[in-house]
Amino acid sequence: MIIKIGFDIEFELAGPTPMILMLYVHPSRQSDLRSEERILVAPDIPLTDFTDLYGNRCARIFAPAGNLRLSLNALIEDSGQPDERGPDAPQHKVEDLPSATLPFLLTSRYCEVDKLSDIAWKLFGSTAPGWPRVQAICDWVHNHITFGYHFADASKSAFDVYNDPHGVCRDFSHLAVAFCRCMNIPARYVTGYMGDIGVPLVLPMDFSGWLEAYLGDRWYTFDARHNVARIGRIVMAVGRDAADVALTTNFGRAALKKFFIISDEV
């Protein structure tokens, strides 16, 4: 399956503004690209690539005041298969986990393990460890949180969502990530493309947030928002929570003027 991905994003900048961009496909999917992945910047200014602490491919620019446009169009090959499942994937003892997974057990900006630990153990302590436990967490979050774009709040944390059960995909993911960590399961936040392939079309298109849990010596995809296997997820970045994978970080005032995303099967 070939999927066309891309975006057209515009900002109005109040003054000269340094920016970090996390708008590339994740390095784990770079080999699947079937056309050049190049961010076009208008006005034409230098763009410098770098790799962050979590292995994400990023870029930085220093944009002048005024209108800034960021756009990209690329083709990527995908298996066309739904998210891989592992119903028998075991949960590791903490002492047996790879050291690289340990940061994904800890409290982070939007995933307060300390505040949610007692709640998580009361809700999920009797569930079977491993895949069934993560799925039980996703089922609970999916059934208890009400989705709506008008509930979007960039400052809302997992603990906030637990107490005010309304939100967007990042809120579903933050709460599920936090609950997994409370149960000693490494979990990380993922952002990327997820077009409406194999499901009814929903417009306008947007980037999506989901999670990965470490079970059976690998990371598995889970999605507390949709709670079904999907086709054509394209990972862009992974981190502890949404703070680590912001699509753009502006070191100055920036007003969003346009936000258009495409992720369609060709």
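The values are calculated or read from the model by the stated rules, or taken from the named source; none is laboratory data. Quick caveat, the model's predicted, so the values are computed rather than measured. Heads up, the Cβs are rebuilt from the backbone with ideal geometry, glycines too, and the neighbour counts pull from every protein chain shown. Heads up: the accessible areas ignore ligands, DNA and RNA and are worked out on the full protein's heavy atoms, side chains in. Shrake-Rupley method; radii C 1.70, N 1.55, O 1.52, S 1.80 Å.
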Exercise for review: Select from segment 227-260 the residues that are of a type in the set (A, V, I, L, M, F, W, C) and part of a strand (DSSP E or B) and list them in ascending order.
Suggested key: I231, I234, V235, M236, A237, V238, A254, A255, L256, F259, F260
Check your understanding: Got a sec? Which of A74, A65, A42 is buried (at least 16 other Cβ atoms within 10 Å of the Cβ), among the small types (G, A, S) and at pLDDT 95 or above?
Key -> A74
Review point. In segment 151-169, which residues are more than 19 Å from the chain's Cα centre (by Cα) and loosely packed, with under 14 Cβ neighbours inside 10 Å?
Key: N163
Study note, to complete from the structure: Of the candidates N227, N250, the one satisfying the condition of being in contact with an Asp or Glu (Cβ under 8 Å, 6 or more places away or on another chain) and among the polar types (S, T, N, Q) is N227
Check your understanding: Take the residues of segment 29-39 that are part of a helix (DSSP H, G or I) and surrounded by fewer than 13 Cβ atoms within 10 Å (Cβ to Cβ): which is nearest to the chain's Cα centre (by Cα)?
Key -> Q30
Check your understanding: Of the residues in segment 213-232, how many are surrounded by fewer than 22 Cβ atoms within 10 Å (Cβ to Cβ) and either of a type outside the set (D, E, K, R) or in contact with a strand residue (DSSP E or B) (Cβ under 8 Å, 6 or more places away or on another chain) (or both)?
Key -> 10
Study note, to complete from the structure: Sole miss for C111 among (1) open to solvent by 30 Å² or more (accessible area, probe 1.4 Å); (2) touching a His at 6+ places or on another chain (Cβ under 6 Å); (3) among the hydrophobic types (A, V, I, L, M, F, W, C) is condition (1)
Practice item. Return yes or no: is I119 at pLDDT 95 or above, of a type in the set (V, I, T) and more than 26 Å from F259 (Cβ to Cβ)? Key: yes
Check your understanding: Between residues in segment 200-219 that are closer than 13 Å to T101 by Cα and touching a residue at least 24 places away in the same chain (Cβ under 8 Å) and residues that are open to solvent by 30 Å² or more (accessible area, probe 1.4 Å) and of a type in the set (F, W, Y), which pairs lie under 6 Å by C-beta distance while being six or more apart or on different chains?
Key -> E212/W219
Review point. Does E84 meet the test of being within 22 Å of V190 (Cα to Cα), open to solvent by 20 Å² or more (accessible area, probe 1.4 Å) and at pLDDT 95 or above?
Key: yes
Exercise for review: State which residue is least open to solvent (accessible area, probe 1.4 Å) when the search covers only segment 114-131 and only residues that are closer than 19 Å to Y220 by Cα and out of contact with any Lys or Arg (no Cβ under 9 Å at 6 or more places or on another chain).
Suggested key: G130
Point to revise | Enumerated strands (runs of 3 or more DSSP E) restricted to segment 48-101, each holding at least 2 residues that are among the small types (G, A, S) | key: 57-63, 66-77
